[in-house]
Amino acid sequence: MESPFKADVLKGKVALLTGGGSGIGFEISTQFGLHGASIAIMGRRKQVLDSAVSGLCSQGIPVIFFHVSYLSELRWVCSLILLLVKWVDIRIIKLHESCTLEVMA
């Protein structure tokens, strides 16, 4: 299906997704990337992240990933990402069955 949005609507934006390596999180990562965003994904399963990164890269989407095995590491990794990219424009934090979307101007 063709997107109703301009291909570069998210150009220059950085999207951070937890759980972005599979399911709806991966599809959101893909669609944001196809619309110009650079992607940072976090997840617990290394093999899933490796597969997601490979899939995103094969579509020309710039992506980095963070393997977070323990919940206690999550705050540290989020802080690291914020330091590396200076700010994140789009954050999708998916915990359990809930999903929160925050778009920053």
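Could you calculate the contour length gain from Trp76 to Phe5, that is, 0.36 nm times the residue separation minus the distance between their Cα atoms, to one decimal place in nm?
Working it through step by step, the gained length comes to 22.1 nm.
Could you order the peptides 15-21, 31-37 from most to least packed, using the average number of other C-beta atoms within 10 Å per residue?
15-21, 31-37
Describe numerically, in nm with one decimal, the distance between label points set 7 Å from Cα along Cα→Cβ at Ser69 and at Asp50.
1.5
Any read-out appearing in this document is the output of simple, stated calculations on the displayed coordinates, not a laboratory observation. Computed from a predicted structure; not experimentally measured. A quick note on method: Cβ atoms are made from the backbone with ideal geometry, for glycine too, and the neighbour counts reach across all protein chains shown.
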